[in-house]
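Everything below concerns the one structure shown next.
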Amino acid sequence: MTDSGLVDHDPFDNEPFDGDPFDNWSVDNAISGGLFLSPVLQGRDFTFRMPYEVPPALAALPVPTPAFAGHDDELAAFAALFARDTRQGSPVVVVGGPTGSGKTELVLTAAHQALAQGRFPGGVLFADVSRLHGSALLGGFLRAMGLPADRIPPSRVARSALYALILTELARNGSPLLIVLDDVTQPDQLAGLLPGTAPATTIVTTPVHLGGLGTDRMVLRPLATADATRLLHRAVTMAHPDDTRILDHPEDAARVADLCDGLPLALRTAAALLAESPHRPLAALAADLADPRTRLAELVYPDRDLHTRLDTGHARLDPAQARLLRLLALSDEPETTTPALAALCAEPEDVVRDRLTSLMHLIESGTTPDSWRMRALVRLYVRARPGTS
């Protein structure tokens, strides 16, 4: 591109000039040396704002299982949250609940529903924080947002600042992101990953109690019987669309759902066992699960092993937590109060209460104030551990 100005006199110099300075001023613009098949802009300074395209890494949100069922209230709560104006704050939602309660599947379902409704046009950042966190995960997020690897600073602090800046700019340009941080087990895994003042929505799933983290908190409960049997049917028919065992035998289906404690992980395991044996009567599975001595051993399938998940959760407990969990498991009462457990531990009630709160991935609040209960599968697991008597 060449620009040439052909004038008899420079109209912008300081010498006197009679007449109109622009009378003989003209500009010729020409492009040579090529064939151009589209419009060409010529000039000195341009400011472009190109349409934002979601990088492939921000469109790689895992797909939830089609067998998902229930949690309607939680999905409605997510929909209301996603409708908030993040310019008024950056919500951080912490999703907790018992081991195997389907926290990740719920969040993935809610996120895909939001994307289908046009929310978060900038895309979604998703990470399993139990596998990658801290500075390494920040670097991965920056690359996912389109930053070249050689432009990513080495320190976590600098990466975090750049991360927040990019989130802010994307939101300002009408392309806010959703951030999903899955399976967080320690607060320090989130260092630098929460957007702070940047306008973004973050969801954290965790199998442990993370204290006061988050602006919103959601605790999942096991599924009601109707939702649990619906999940069973959907999971079985994913493998065998014509399988009607769940619909044909609703009482047996309800029994299996009850023996699985309404936990989606256990229910999907039961469905996988049924799908593996298309001619196995539903009543036979219910009978096998009815024996408390072998129930957990029955509910084992690749990638759907509740016992292994419980092992992982128990391994995080300190000795005092483990002892308290044993006391609760050995109780024959459906619910136990904090004062009763404090008396058994010979410790102050506030100490025991805090300890019980830290066990919320394995126990639940009871139906009366300051009481606690344990699902049957967890009770069976704790009672079967060595040293429990």
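Brief remarks on what is shown
- Carbon + sulfur, % of accessible area of segment 279-389 - ligands and nucleic acids excluded, 1.4 Å: 54 percent
- Over all other residues within a Cβ to Cβ distance under 12 Å of Pro62, the charged ones net out to -3, with Lys and Arg as +1 and Asp and Glu as -1.
- Carbon and sulfur %, accessible surface of segment 96-156 computed with the full protein complex present, 1.4 Å: 50 percent
- Summed over the residues of segment 240-341 and divided among them, the accessible surface reaches 49 Å² per residue at a probe radius of 1.4 Å.
- Integer Hz, Karplus 6.51/-1.76/1.60 couplings in order for segment 290-304, x for Gly and Pro: 5, 7, x, 6, 10, 4, 5, 5, 5, 8, 10, 7, x, 6, 9
- The amide H of Leu125, built 1.01 Å from its N in the peptide plane, has Leu178, Ile179, Val180 as neighbours under 5 Å, considering only residues 5 or more places off or on other chains.
- Percentage relative contact order, segment 319-369, counting C-alpha pairs under 8 Å, at least six apart: 38 percent
- Take each peptide in 115-122, 132-139, 147-154, count the other Cβ atoms within 10 Å of every residue, and average; sorted highest first, the result is 132-139, 115-122, 147-154.
- Modelled spin labels at Thr357 and Ala283, positioned 7 Å past Cα toward Cβ, are 5.0 nm from each other.
- In units of the compact-protein estimate 2.2 N^0.38 Å, segment 324-389 shows a Cα radius of gyration of 1.02.
- Hz values of 3J(HN,Hα) by residue in segment 140-155 - Karplus curve (6.51, -1.76, 1.60), Gly and Pro given as x: x, 5, 5, 5, 4, 7, x, 7, x, 4, 6, 9, 8, x, x, 8
- Share of pairwise Cα separations in segment 69-144, more than 21 Å, in percent: 38 percent
- Summed side-chain charge close to Thr368 - residues other than Thr368 whose Cβ falls under 14 Å, Lys, Arg +1, Asp, Glu -1: -3
- Solvent exposure of segment 142-224 amounts to 43 Å² per residue of accessible area, where only protein heavy atoms count and the probe is 1.4 Å.
The values are calculated or read from the model by the stated rules, or taken from the named source; none is laboratory data. Computed from a predicted structure; not experimentally measured. Because the Cβ atoms are built from the backbone with ideal geometry, glycine has one as well, and the counts that use them run over all protein chains shown. Ligands, DNA and RNA are excluded from the accessible area calculation, which covers all protein heavy atoms including side chains. Shrake-Rupley method; radii C 1.70, N 1.55, O 1.52, S 1.80 Å.
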